[in-house]
Structure formats: C-alpha cells, structure tokens
Amino acid sequence: MNGTKLAQQLWDTLWENYRDRVPYASMYQKMIEDAGGAIANDHIAFRSLRLTTQNINLGIPYLAKIIEPLGYEAVGEYKFPDSHLLARHYEPSEDLPKLFISELIVDEL
C-alpha cells in the first residue's frame, strides 16, 4: 500500500472514530449528505504536548515521524509565545488534506 492510500485510510478511520464519539459530527454529516453534498476534509489538526518521557519528545517531532512517510512535508511554522504554542503546517504530495500539528510547550507553563 502506498503512502497516499495509507494516509487516506488513516484519515477516514480517524473521522469515523470522531463521528462515533461526537454525536453532532454524525448529525452534520447526515445533514450535508441529505442535501446532496459530501464531507471533504481540507485540513486536519492535531494537538500535542511538548513533553519528554523516556527520552522521547511527544510533540511535533513524534507525530512528524508518522506523517512524513505518508508524503507530508513541513512548509511553515508558527509561534504563539503568549499561548506557549508552536505549530507546524504540512502539505501533502498527493491529493490529501493539509495537516497542522501544534504543541503546547509544557516547560514554559
């Protein structure tokens, strides 16, 4: 299975899990589909913590190890010092949603 197919399968599974846990997501999807539309994610966002455990940083670098092999490349970085947040923007190499990963810098709290 290539990276694009694997990424799409991952995003579809995550949407299904989210929809199962959040009732209004299913209601929204049904409303859109009943009107003849379709759900399409133009971007996906993950939130993480810059927290090191067992010498592993569980923030952006940890998640990047998962998404970069799926064809995503970091194209931007955004700092929000007042909120103690760092975010990175990833673009896919294929027709997939954009991806944003943010991390709360725990040591600054």
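Remarks
- Listed by chain and number, the aspartates and glutamates whose alpha-carbon sits under 12 Å from that of Lys79, ignoring those within fewer than 8 places in the same chain, are Glu103.
- Each residue of the range 46-51 was assigned a 3J(HN,Hα) from its phi angle through the Karplus expression (A = 6.51, B = -1.76, C = 1.60, θ = phi - 60°), giving 10, 10, 9, 10, 7, 9 Hz with x at Gly and Pro.
- DSSP bridge orientation in the chain - percent antiparallel, rounded to nearest 5: 65 percent
- 16 Å cut-off, amide nitrogen to a point 7 angstrom out along Leu14 Cα→Cβ, residues in the range 60-93: 60-75, 87-93
- Helix 3-21 vs. the chain, principal-axis angle (Cα, 0 to 90°, nearest 10): 80 degrees
- Protein accessible area in the chain, 1.4 Å probe - carbon and sulfur %: 53 percent
- Residues Ile39 and Asp107, FRET efficiency given R0 of 30 Å [Cβ-Cβ distance, rounded to 0.05]: 0.20
- Subtracting the Cα-Cα distance of Ile56 and Phe100 from 0.36 nm times their residue separation leaves 13.8 nm of extension gain.
- Between 0 and 90°, nearest 10: helix 23-34 axis offset from the chain longest Cα axis: 40 degrees
- Residues Leu49 and Ser93, FRET efficiency given R0 of 25 Å [Cβ-Cβ distance, rounded to 0.05]: 0.35
The values are calculated or read from the model by the stated rules, or taken from the named source; none is laboratory data. Only a predicted model underlies this, so the values are computations on that prediction, with no experimental measurement involved. Every residue, glycine as well, gets a Cβ built from its backbone with ideal geometry; the counts of neighbours run over all protein chains shown. Note: areas computed on protein heavy atoms with side chains; ligands, DNA, RNA excluded. Shrake-Rupley method; radii C 1.70, N 1.55, O 1.52, S 1.80 Å.
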